Amino acid sequence: MSCYLSLSQIVAFAALGSVFALRAADTLVYFGTTTEKTSEGVYLSRFDSATGTLSPATLAAKVTHPMFLNLHPNQHVLYAIGERNDAAGKVLGTIEAFTINASTGALTPLNHQIAGDDAVCYVAIDKTGRTALAVSYRQGYVVSFPVRADGSLGERVSFIQHTGKGVHERQEGPHAHCIDLDPANGIALVADLGIDQVVSYKLDSAQSTLTQQPEPFHSKPGAGPRHVAFSADGRHVYIINEIDSTLTLADHNAGTGRLVEKQTVSLLPTHFKGENTAAEVMVHPSGKFLYASNRGHDSLALFALAPDTGRLTFVEYMSKGVKHPRHFAIDPTGRWLLCANRDADTVTVYKIDPANGHLTATKAIAKVPMPTCIKFVGR
């Protein structure tokens, strides 16, 4: 048998290589889920940003309740919240770290660390890639971990317990729901649904420690702040309030973390009378508009943002294909929005008009069991 390739074989392999290159250019996208029905953990798909289509989702890693995910800045490590049991059967909240195979998307466990008692609900990685942050909804605590050079997690270094309660029946104690960093990477904001506060922390990324700042932001009693989103320049913060279905704009001081309310708007039409809980808020990479999700009204609300003040102007709702939208994400090109419909076991794709943010429903749908988070791997 000849060990040499003919010219026709070389041409054929070159053509095949171009197909592989095209596939490699597709964007990897991971789905966090609730492992209550058929879900087994974190799922993976490939997203074609040219056509807005998703490949069938496959299981990437077995994890208990990986309801929120995040990525290392180098895009090579994925972090998932999880749950494990101690020797006595007690539930402990964990952060699970996985290396990402850039070609296949396969996840390989690196390590995990215990955050504290009961589950955590959110994980964030600072912009230097040296610190992991997490919060617990049920127990109301905030934690931080050092991140090693290989992306694995060191032992917990900060533990802060929130205290207090609110006026609503769901506010019997603190319920820290998210922790996000400002663009300058110096301030971490924690939205606590249970005490109607957004608490500011100073981050020392070199030591991976958090120091609580004075003057937390106080939401309207019973509002229930859930998640936050920063403007690109860090001057403005948008707070989505889960319980009263409102959206608050606040000016942000990057030095102190202090927030000053400037506007609060409803996320619901005046004629809607049913039950609703607001979920996710996200500023488009262009900075021109913002999206927020409603569970109950089952919609994605679009708002235009004023260039200087950041003020919100409602534009429209998208309801087609939306069912209990726990989370959504915008792809790295800024041209597509993917919505995680937890109760429909689907992820739906919408095309974004770059001029005004208008969403157009597509026929692209991925079947994912109880999806609760979407994370794109950046290019």
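Couple of notes before you dig in:
Let's see how each residue does on (1) within 16 Å of VAL42 (Cβ to Cβ); (2) of a type in the set (S, T, N, Q):
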{"residue": "THR58", "(1), (2)": "yes, yes"}
{"residue": "LEU92", "(1), (2)": "no, no"}
{"residue": "GLU96", "(1), (2)": "yes, no"}
{"residue": "THR99", "(1), (2)": "yes, yes"}
{"residue": "GLY116", "(1), (2)": "no, no"}
{"residue": "ALA124", "(1), (2)": "no, no"}
{"residue": "GLY129", "(1), (2)": "no, no"}
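- Summed over region 267-294, the residues that are among the hydrophobic types (A, V, I, L, M, F, W, C) and farther than 21 Å from LEU359 by Cα give a count of 1.
- In region 261-288, the residues that are assigned to a strand (DSSP E or B) and touching a residue at least 40 places away in the same chain (Cβ under 8 Å): GLU261, LYS262, GLN263, THR264, VAL265, ALA278, ALA279, GLU280, VAL281, MET282, VAL283
- A search for C-beta distances below 7 Å between a residue of region 186-199 that is on the phi > 0 side of the Ramachandran plot and any residue that is assigned to a strand (DSSP E or B), counting only pairs 6+ apart in sequence or on different chains, returns ASP196/HIS218; ASP196/PRO225.
- Matching residues in region 231-248 - criterion: being closer than 20 Å to ASN276 by Cβ and of a type outside the set (Gly, Ala, Ser): TYR238, ILE239, ILE240, ASN241, GLU242, ILE243, ASP244, THR246, LEU247, THR248
- Test: residue in region 11-28 that is in contact with a Gly (Cβ under 8 Å, 6 or more places away or on another chain), of a type outside the set (Ser, Thr, Tyr) and at pLDDT 50 or above: yes
- Some residue of region 87-97 being under 23 Å from LEU28 (Cα atoms), of a type in the set (D, E, K, R) and assigned to a strand (DSSP E or B): yes
- Tally of residues being within 11 Å of VAL190 (Cβ to Cβ) and among the small types (Gly, Ala, Ser) across region 137-149: 1
- Tally of residues being of a type in the set (A, V, I, L, M) and more than 16 Å from the chain's Cα centre (by Cα) across region 285-337: 9
- For region 75-86, the set of residues classified as touching a residue at least 40 places away in the same chain (Cβ under 8 Å) and outside any loop (DSSP other than H, G, I, E, B) consists of VAL77, LEU78, TYR79, ALA80, ILE81, listed by residue number.
- Any hit, region 163-176, residues being of a type in the set (Val, Ile, Thr), in contact (Cβ under 8 Å) with a residue 12 or more places away in the chain and buried (at least 17 other Cβ atoms within 10 Å of the Cβ): no
- So ASP126, is it acidic (Asp, Glu), farther than 30 Å from ALA57 by Cβ and either buried (at least 24 other Cβ atoms within 10 Å of the Cβ) or touching a residue at least 24 places away in the same chain (Cβ under 8 Å) (or both): no
- Residues of region 201-259 classified as assigned to a loop (DSSP other than H, G, I, E, B), crowded, with 24+ Cβ neighbours inside 10 Å and either in contact with a Phe, Trp or Tyr (Cβ under 8 Å, 6 or more places away or on another chain) or without any contact (Cβ under 8 Å) to a residue 40 or more places away in the chain (or both), total: 3
Rundown of residues vs (1) under 18 Å from THR51 (Cβ atoms); (2) touching a strand residue (DSSP E or B) at 6+ places or on another chain (Cβ under 8 Å); (3) touching a residue at least 60 places away in the same chain (Cβ under 8 Å); (4) not in a helix (DSSP H, G or I), yes/no style:
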residue: PRO307; (1), (2), (3), (4): no, no, no, yes
residue: THR313; (1), (2), (3), (4): no, yes, no, yes
residue: TYR317; (1), (2), (3), (4): no, yes, no, yes
residue: LYS320; (1), (2), (3), (4): no, yes, no, yes
residue: LEU337; (1), (2), (3), (4): yes, yes, no, yes
residue: VAL347; (1), (2), (3), (4): yes, yes, yes, yes
residue: ALA355; (1), (2), (3), (4): no, no, no, yes
residue: ALA361; (1), (2), (3), (4): yes, yes, no, yes
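- Scan region 190-200 for residues that are buried (at least 24 other Cβ atoms within 10 Å of the Cβ), assigned to a loop (DSSP other than H, G, I, E, B) and among the aliphatic types (A, V, I, L, M) and the total you get is 1.
- Scanning region 129-138 for residues that are out of contact with any Cys (no Cβ under 7 Å at 6 or more places or on another chain) and either surrounded by 24 or more Cβ atoms within 10 Å (Cβ to Cβ) or hydroxyl-bearing (Ser, Thr, Tyr) (or both) yields THR131, ALA132, LEU133, ALA134.
The values are calculated or read from the model by the stated rules, or taken from the named source; none is laboratory data. From a predicted model like this one, the values you see are computed outputs, not experimental measurements. When we count neighbours, we look across all protein chains shown, and the Cβ atoms used for this are built from the backbone with ideal geometry, even at glycine.
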